[in-house]
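Peer 1: Got a structure here, written out as structure tokens. Questions coming.
The values are calculated or read from the model by the stated rules, or taken from the named source; none is laboratory data. Since this is a predicted model, take the numbers as computed values, not measurements. Using ideal geometry, Cβ is built from the backbone for each residue, glycine included, and neighbour counts are taken over all protein chains shown. Each accessible area value is taken on the protein alone, full model and side chains, heavy atoms only, with ligands, DNA and RNA left out. Shrake-Rupley method; radii C 1.70, N 1.55, O 1.52, S 1.80 Å.
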Amino acid sequence: MTTETIPQIVYDKLIAARVVGAFTGAGISAESNIPTFRGDEGLWAKFKPEELANFNAFMKNPKLVWEWYSARKKIIHGAQPNPGHLALAELEEIIDEVIVVTQNIDNLHRRAGSTKVYELHGNIERNYCIKCGENYADEVILADELPPKCGKCSGLVRPDVVWFGEYLPQDEFAASEEAAQRSEVFLSLGTSGIVYPAASIPQVAKYSGAFVIEINPETTPLTEIADVTILGKTGKVLPEIVNTLRSIKRKGKNID
Ligand code: OAD
């Protein structure tokens, strides 16, 4: 079902669920003014991923790649969680277990208060040396000229994000699959659902029996497996869902 309003079945399924999974993409951070990747205004319309987001590009021109990442770090550092992130975190007050599986590298789910977050594509706030693996905070590496070098072995330091052609962090991926298998309701939020292997996670949830709810202003390839697609922005739809669930719970308590 594809709809612009929130159907009753969404509330019925969520109120009955003990484990809810959520798979998020750049769209949930769009209302925090962090650009998405695809579409006319998307990052990849202006920059070519093959020139910036892969290891060979980094080795060829680390300064250029670092200039791009340092600009993105600044945008993300200055951004705040929006009502969509906050509502997802508040869902933990209503449902026993909420697990967030995110493709985003912006750390906004944790900053909003979500406690169980798996990051499939890394985290832009972390950095490490490609030679010895030493970790570095942004304050340390951005203080000097780009590209930053390791203080221990002089190796190049890179952002801890997954680039094209690289493996996803195996522990986080396995934990995400396990969460998808256990979820009774699974939310797909603000993602185009076309980047694999991450996009296989909602499918694992679906084929393990979860009721799948998609929230996105546009349909996506994941719409086909969703039980309900709500055409709207996560910053508007998620708070409405959480507020209604709260009042359903309150009324339930009064009746008891
Ligand atoms: P995309 O840019 O591919 O898709 C963003 C999705 O968000 C689109 O489907 C939009 O319709 C939707 N959207 C936009 N505004 C929204 C809003 N306010 N509320 C809800 N949805 C909204 O971003 P991702 O799906 O995250 O990977 O892209 C997946 C991966 O591709 C990224 O993690 C990144 C990129 O290459 C790596 O960097 C490894």
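Peer 1: When Lys and Arg each count +1 and Asp and Glu each count -1, what net charge do the other residues less than 9 Å away from Gly155, Cβ to Cβ, add up to?
Peer 2: Counting the neighbours of Gly155, the net charge comes to +2.
Peer 1: A follow-up question, please. What does the charge add up to near Thr234, with Lys and Arg as +1, Asp and Glu as -1, over the other residues with Cβ less than 12 Å from its Cβ? Walk me through the intermediate numbers first.
Peer 2: Numbers: positive: Lys233, Lys236; negative: Glu31, Glu214, Glu240.
Its environment carries a net charge of -1.
Peer 1: Another question, if that's okay. Pull up all non-local amide H partners of Val185: gap of 5 or more, or a different chain, and H-to-H distance under 5 Å with H placed in the peptide plane.
Peer 2: It is Val19, Gly21, Phe211, by chain and number.
Peer 1: Consider just the alpha-carbon atoms of the range 19-66 and return their Rg together with their Dmax, both in angstrom.
Peer 2: 14.1, 45
Peer 1: I've got another one for you. Using a Debye calculation, one point per C-alpha and no hydration shell, please list log10 I(q)/I(0) for the range 184-256 at q = 0.13, 0.19, 0.20, 0.23 Å⁻¹ in order.
Peer 2: Here log10 of I(q) over I(0) equals -0.44, -0.78, -0.83, -0.99.
Peer 1: With all protein chains present, how much of the accessible area of the range 53-155 (probe radius 1.4 Å) comes from carbon and sulfur, to the nearest whole percent? The partial results should precede the final answer.
Peer 2: On the way: 2490 of 4920 Å².
Taking all protein chains in place, the range 53-155 shows 51 percent carbon and sulfur surface.
Peer 1: Please give, to one decimal in nm, the separation of the simple spin-label points placed at Thr2 and Ser154, each 7 Å out from Cα toward the Cβ.
Peer 2: 5.8
Peer 1: Further question: Largest first and to the nearest Å, give the Cα extent of the range 64-119 along each principal axis.
Peer 2: Reported extents, whole Å, longest axis first: 45, 19, 12.
Peer 1: What ³J(HN,Hα) values, in whole Hz, does the Karplus curve 6.51 cos²θ - 1.76 cosθ + 1.60 give for the range 13-25 when θ = phi - 60°, with x put for Gly and Pro?
Peer 2: Once rounded to whole Hz, the list reads 5, 5, 5, 8, 7, 9, 10, 10, x, 9, 10, 10, x.
Peer 1: What is the local net charge at Thr223, summed over the other residues whose Cβ is closer than 15 Å to its Cβ (Lys, Arg +1; Asp, Glu -1)?
Peer 2: With Lys, Arg at +1 and Asp, Glu at -1, the net is -4.
Peer 1: Another question, then. So if I restrict to the alpha-carbon atoms in the chain, what is the Rg, and what is Dmax, the biggest pairwise distance, in Å?
Peer 2: Cα-based Rg and Dmax for the chain come out at 19.3, 67 Å.
Peer 1: Shifting gears a bit: Please compute the per residue accessible area over the chain with all protein chains in place, 1.4 Å probe, rounded to a whole number of Å².
Peer 2: 49
Peer 1: In vacuum, with every alpha carbon of the range 94-168 counted as one equal point scatterer, what does the Debye formula give for log10 I(q)/I(0) at q = 0.16, 0.26 Å⁻¹? Two decimals, please.
Peer 2: Log-scaled intensity ratios, in q order: -0.66, -1.15.
Peer 1: The range 124-189 to the range 208-256: how many Å between their Cα centroids?
Peer 2: The distance from the Cα centre of the range 124-189 to that of the range 208-256 comes to 31 Å.
Peer 1: In cubic angstrom, how much convex hull volume per residue do the alpha carbon atoms of the range 1-135 span?
Peer 2: Hull volume normalised by residue count: 140 Å³.
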